[in-house]
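Student: First the structure, then my questions, so here it is.
The values are calculated or read from the model by the stated rules, or taken from the named source; none is laboratory data. Just so we're clear, the structure is a prediction, and the values are computed from it rather than from any experiment. Neighbour counts are summed over all protein chains in view; Cβ atoms, including those assigned to glycine, are modelled from backbone coordinates with ideal geometry.
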Amino acid sequence: MNEQLPDWERERFDRLLDRVMLSLPARLHELLDEAPLIVDDAPAGELLEEMGLDPGLDDLCGLYSGIPLTERGHDASGELPETIHVFRRGIIDEAGGWEPGTDADGGAFGGDDEVMRQIRITILHEIGHHFGLSEDDLAALGYE
């Protein structure tokens, strides 16, 4: 799903991302100096395939690349820099789209608030990987 988003959609997402970033504690901003946040529309199909995902069906909201703090040795120089990627398309889809609605069970989905919630979850999820948390750890914390 390596499609380009239209400019209006990218700009809307980025405005919401800015709002989420302003709400994060200062310590997390310091961390993002160490592992910069990179925002793309969608991951490359090859990346999805490497992860065992189907590029035609699967979305990805975020990805941490690097060596978690819990696995670093004192001689970790020369490693590629760590990064945190967030993918606009995956987050928008996970949120339920731009238009707010209600599912059959009465649960809300979509809209700016839900997109912002998913942006926050994704960033915190990927920062969790930086600190060595597993997928199970993150799920238990509500960042799945």
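Student: Considering only residues that are in contact with an Asp or Glu (Cβ under 7 Å, 6 or more places away or on another chain) and part of a loop (DSSP other than H, G, I, E, B), look in segment 44-61 and name the one that is modelled with the lowest pLDDT. Can you show your working first?
Tutor: Narrowing segment 44-61 to residues in contact with an Asp or Glu (Cβ under 7 Å, 6 or more places away or on another chain): 48, 55, 59, 61.
Okay, now just the ones that are also part of a loop (DSSP other than H, G, I, E, B), so 55, 59, 61.
Working: Pro55: 83, Asp59: 86, Cys61: 94.
My answer is Pro55.
Student: I've got another one for you. What pairs come up if the first residue lies in segment 109-130 and is under 13 Å from Leu24 (Cβ atoms) and free of Cβ contacts under 8 Å to residues at least 12 places away in the same chain, the second is aliphatic (A, V, I, L, M) and part of a helix (DSSP H, G or I), and their beta carbons are under 6 Å apart, counting only those six or more places apart or on different chains?
Tutor: Filtered contacts from segment 109-130: no entries.
Every residue, every condition in (1) farther than 23 Å from Arg10 by Cα; (2) at pLDDT 80 or above, yes or no:
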site	(1), (2)
Asp75	yes, no
Glu79	yes, no
Glu82	yes, yes
Ala95	no, yes
Pro100	no, yes
Gly106	yes, yes
Gln118	no, yes
Ile123	no, yes
Gly128	yes, yes
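Student: Among the residues of segment 7-37, which ones are at pLDDT below 90 and aliphatic (A, V, I, L, M)?
Tutor: Leu24, Ala26, Leu28, Leu31, Leu32, Ala35
Student: Hey, another quick one. Kindly provide the set of residues from segment 1-43 that are exposed (fewer than 11 other Cβ atoms within 10 Å of the Cβ) and closer than 19 Å to Tyr64 by Cα, ordered by number.
Tutor: Matches in segment 1-43: Arg27, Glu30, Asp33.
Student: Something else now. Can you tell me which residue within segment 15-51, out of those that are in contact (Cβ under 8 Å) with a residue 40 or more places away in the chain and charged (D, E, K, R), is nearest to Pro81 (Cα to Cα)?
Tutor: Per the criteria, the residue is Glu34.
Student: To continue, here is another question. Taking segment 118-137, which residues are hydrophobic (A, V, I, L, M, F, W, C) and in a helix (DSSP H, G or I)?
Tutor: In the first step, residues of segment 118-137 are kept if they are hydrophobic (A, V, I, L, M, F, W, C); the result is 119, 121, 123-124, 127, 131, 133.
Within segment 118-137, Ile119, Ile121, Ile123, Leu124, Ile127 meet the criteria.
Student: Is it true that Leu60 is more than 20 Å from Gly111 (Cα to Cα) and in contact with a strand residue (DSSP E or B) (Cβ under 9 Å, 6 or more places away or on another chain)?
Tutor: So Leu60 fails the test.
Student: Let me ask you something else. Exactly one of these conditions fails for Glu3: (1) farther than 24 Å from Ser134 by Cβ; (2) among the charged types (D, E, K, R); (3) outside any loop (DSSP other than H, G, I, E, B). Give me its number.
Tutor: (3)
Student: Answer with yes or no whether Glu3 is on the phi < 0 side of the Ramachandran plot and either free of Cβ contacts under 8 Å to residues at least 40 places away in the same chain or of a type in the set (Gly, Ala, Ser) (or both).
Tutor: no
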